[in-house]
Structure formats: C-alpha cells, structure tokens
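Worksheet: one structure, shown below.
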Amino acid sequence: MIGSSSTLEDLAEQISTASKAISGFLAEKDGPPLSFAQDGALEFPSGPEDIMIARRNLREATKKLYDLVTGPSEHLRWLACRYHDLSSLRWIYHFKIAEAIPLNSEVSFAEVASKAGVDESQVRRVLRHAMTNNLFCEPKVGYVAHTAESSILVRDKGLHSWVGYTTEESFPSSAKLVEATEKFGSSGEKTETAYNIAFDTTLPMFEYLSTQPERAERFAQTMGAMTATEGYNIRHLVNGFVWEQVEEGSTVVGGSTGHASVAIAEKAVGLNFIVQDLPEIVAQGESILNTSLKPRISFMAHDFFTPQPVQNADIYLLRFILHDYPDKFAEKILENIVPAMKENARLIVMDGILPEPNTLPKSEERIIRIMDMEMMTTFNAKERELEDWKALFTRVDQRLKLRNVKKPVGSVNSVMEVVLEA
Ligand SMILES: C[S@@+](CC[C@H](N)C(=O)[O-])C[C@H]1O[C@@H](n2cnc3c(N)ncnc32)[C@H](O)[C@@H]1O
C-alpha cells in the first residue's frame, strides 16, 4: 500500500521497488511484452497477489508523482479540457475510423478519410489528438497505424460496444447533469435524469433502449465486456460465493443474456439456471447459449417490476441490478421477489458498496465513484454504503437479513448473501 508520504523521492523509490518486482515477474512470463505497439499485450497478465499489489502501488505512485510535478494550476487547467478525449474517441467510434485502418500495416490519412466517408483534414486532426492517448500512431508523416489500444476497437466486439455506449450515450448524458439538476432537483424518478434530457425522451433508459434493438444489443454487449474487466470480472461472482456447496439440483434465477449464469454453471455443475430479462435480451442470450448448457440453463422473459413467477427457487441472483434504481424502485424489485422465496432461500446481490473515504487506493475508489456518477446521470440511482444496503433489505422485509458480505481481491463489487429468515 502506498504510504501517506508524498515527497518526490519517496514516490520515486516506491516506483523503483514496484517496477523491479514487476519486471522480474514479466521476464519469467511467456507472452507479448508490455508495449504500446500493436503486438504488445492487450492486458497486464494476471499474477500472484504480491505482483498485483506491486502493480497497484506502481499505478498509484506514478499517478501521484505525475500530478504532483504537474502542479495544481496546470493540472486543473487541463483537467477542465478532458472532454476532448471523449469527443475524439466518440468521433472515431461513430465514423468507424478504427475499422478503416488495417491491422499490421499503415495507411495514409487520405485513404482512411475516403474509406470512412469523412473529411481528410478532420481525420488527421482527430487522430493526432487520439494519438496523445496512445490510440493509433503515425509511423511516418501522413500515415496512420494501429497501436495495441486502438486495435482493440477492431479486435474486441465487447470493448468496442463499451466505447460506443459510453461515448454515444453516457458522455452526452453526463454533459446534461447540470440541466437535470436545474430542471428536476434531486429527483428519485427514473424519467427525470440527465439521460432523459440528453435523448429528449420521457421513457426510463431501459425502456427507451428497448425501442431501439441495436442500442439495446450494444448495451448488453457492454455488460458482457464489463465482466472481462479486472474490477468487474465475472470470476469475482464465481469465487465470491461457494456455489459448489449449494445443494445439487438447486435452481438459480439470474439475468441478462446469461453470461453470469454460464460462468457459475461451468463451476457448479449440479445447479440449474433460469435467466430472466427483457424479451429481446433473453432472445439474444438464448441464441448464443452453448448447446452443452441447454439442459441446465433456460430463458424466460420477465419484468422484475411484476411478481416473480419462479416460486421456491434456491437462489435469486441480482447482479448489477439494484444500483440502477433509486430506493423506491429497488424496493419494488425486492418486494416482487420475496413472496416467491421459500424459507432460507437466498438472494445473492452483487453490487458496489461505497467505501469509507480514504480507505481504498484512489485508482480503486475512482472506479466505484465513476459508477456512482453513472448511476446518477442515467437513472437517478446510486451506489450504496453498507448501512444503506442493510436498511434497504429491512425496509422490504424484516426477515431479509444480510448474512455475509465478501469483496473478492481485485473486485470493485461485493457479493452480499441475503437470507429470508424464518
Ligand atoms: C446493468 S444490467 C446488468 C446485467 C447483468 N445482471 C450483469 O450483471 O451483467 C441491467 C439489466 O437489467 C435488465 N432490465 C432492465 N429493466 C428490466 C426489467 N424491468 N425487468 C427485467 N430486466 C430488466 C436489462 O436488460 C439489463 O440486462
């Protein structure tokens, strides 16, 4: 853990120590090098806990050192201009610029412009800005090629969707947060959000998306891509609860396109799953389900604002659901599940628990704070502190007891085991 000292020398020493540990680990590991070049590693390889801690320390210390030597005025000046990072990324996504650049070779700006159907000078200017973020490079003047990071836009459909959703939907919404507060104050309604203002709709976000299948699909893929990130990796759900100890033949009710259920099913081979979500999402999940899992995983369209039709399941899983809703709607979702729960049935809620200030490294706290802002912007919802969670369960039913909370190492979210006591 990075100490509280902030002198340049201390930070430099911490950086040196952590760098040595990491270099030693990487030297022993097969695989592509850490590099910005296109053949560089797309992820930092996973390693033993001490290396992951050294990496976390290195990131913390380098950022702190960078910010310190930049100085407060200079830092603030350019912090206030970061919207252009997203603006150029959005332009690149929207006009399919990454797709117009071949992998493993360079191409002139003129050719990219012609293929994408946009102006050459604009392409050059936007790409040269993006290059300052390690997206694309200019191996010789007038020519552009992919870097490791920009190549992901072509190679990884899920992350491509993530960039699409965040830049095309969240970014314009975030720019309307002030207008939303001006107009609606501190509203707890799903239809009085910055998202509603940005897209000029009176529908809640998910209902609005369901009127536009391509955008709904992009969101579902974004959720799938999230499960591949370090902090939101699906393995944290798989390892954050002892699924293998759940009685054989038990039924778990999950959601989305079934990616979480699939991951659990692969580990806990005795469990069966019913995946519930909006009709178009379950249809998508059904179409991509591996044949070998079909006997154990079935799909069912279900609106969680209506009573839960699957009675007496052993586990009801809500991953990344309740944080999307202001309290009164989160309560409604739970109220619809409780009557279907048999005694000692469990509710597994995987969501963030806001940390006490200054108890996490800034880079980790930042992710959950970003998510909190995202919830405010899109849903008028929020990430919750532990006491908020307990109060929510109790308000819904006094018998709902938070029995266990586990935050797996590296996970942003926690796995909350809630039981319906007799
Ligand atoms: C933030 S995503 C979480 C998805 C998934 N649980 C996961 O962990 O990746 C929220 C999910 O809730 C679904 N959803 C939204 N409104 C719903 C409703 N009224 N009934 C059922 N599902 C709904 C969305 O389609 C989406 O799949």
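The values are calculated or read from the model by the stated rules, or taken from the named source; none is laboratory data. Keep in mind that this is a model prediction, so the values were computed, not measured. In this analysis, Cβ positions are derived from the backbone assuming ideal geometry, glycine residues included, and neighbour counts consider all displayed protein chains. Quick note on the areas: whole protein, heavy atoms, side chains included, nothing else; ligands and nucleic acids left out. Shrake-Rupley method; radii C 1.70, N 1.55, O 1.52, S 1.80 Å.
Listed residues VAL262, VAL238, VAL269; which is open to solvent by 10 Å² or more (accessible area, probe 1.4 Å), more than 15 Å from the ligand (Cβ to nearest atom) and modelled with pLDDT of 90 or more? Full working, then the answer.
Details: VAL262 fails: more than 15 Å from the ligand (Cβ to nearest atom); VAL238 fails: more than 15 Å from the ligand (Cβ to nearest atom).
Result of the check over VAL262, VAL238, VAL269: VAL269.
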Filter result for the condition that a residue is away from the ligand (no atom under 13 Å from the Cβ), open to solvent by 40 Å² or more (accessible area, probe 1.4 Å) and either modelled with pLDDT under 95 or not in a helix (DSSP H, G or I) (or both), over GLU182, GLU207, GLU192: GLU192
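Restricting attention to the range 123-142, which residues are under 25 Å from TYR83 (Cα atoms) and in contact (Cβ under 8 Å) with a residue 24 or more places away in the chain?
Within the range 123-142, the first condition is being under 25 Å from TYR83 (Cα atoms), and the residues that meet it are 123-138.
Passing the criteria: VAL123, VAL126, LEU127, HIS129, ALA130, ASN133, ASN134, LEU135, PHE136, CYS137.
Can you say whether PHE305 is open to solvent by less than 70 Å² (accessible area, probe 1.4 Å) and touching a residue at least 60 places away in the same chain (Cβ under 8 Å), as far as the supplied structure shows? Steps first, answer last, please.
Numbers: open to solvent by less than 70 Å² (accessible area, probe 1.4 Å): yes; touching a residue at least 60 places away in the same chain (Cβ under 8 Å): no.
Against the criterion (open to solvent by less than 70 Å² (accessible area, probe 1.4 Å) and touching a residue at least 60 places away in the same chain (Cβ under 8 Å)), PHE305 does not qualify.
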Breaking point among (1) surrounded by 20 or more Cβ atoms within 10 Å (Cβ to Cβ); (2) more than 10 Å from the ligand (Cβ to nearest atom); (3) not charged (D, E, K, R), for SER250: (1)
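Evaluate the following for TYR143: is it out of contact with any Cys (no Cβ under 9 Å at 6 or more places or on another chain) and within 16 Å of the ligand (Cβ to nearest atom)? Even if it seems obvious, please write down each step before you answer.
Numbers: out of contact with any Cys (no Cβ under 9 Å at 6 or more places or on another chain): yes; within 16 Å of the ligand (Cβ to nearest atom): no.
Taking the combined requirement at face value, the residue does not satisfy it.
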Residue in the range 354-387 that is farthest from PHE184 (Cα to Cα), counting only those that are open to solvent by 20 Å² or more (accessible area, probe 1.4 Å), β-branched (Val, Ile, Thr) and in a helix (DSSP H, G or I): ILE367
Pairs, first near the ligand (Cβ under 9 Å from one of its atoms) in the range 315-338, second open to solvent by less than 40 Å² (accessible area, probe 1.4 Å) and part of a helix (DSSP H, G or I), C-beta under 6 Å, six or more apart: ARG319/ALA260; HIS323/MET375; ASP324/PHE379
Tally, over the range 127-170, of residues that are closer than 14 Å to TYR93 by Cβ, of a type in the set (Ser, Thr, Tyr) and either open to solvent by 60 Å² or more (accessible area, probe 1.4 Å) or under 15 Å from the mean Cα position of the chain (by Cα) (or both): 5
Hits in the range 343-374 - residues which are without any contact (Cβ under 8 Å) to a residue 40 or more places away in the chain and either farther than 22 Å from TRP162 by Cβ or more than 19 Å from the chain's Cα centre (by Cα) (or both): LEU354, PRO355, GLU356, PRO357, ASN358, THR359, LEU360
Flag for ALA220 being over 20 Å from the mean Cα position of the chain (by Cα) and aliphatic (A, V, I, L, M): no
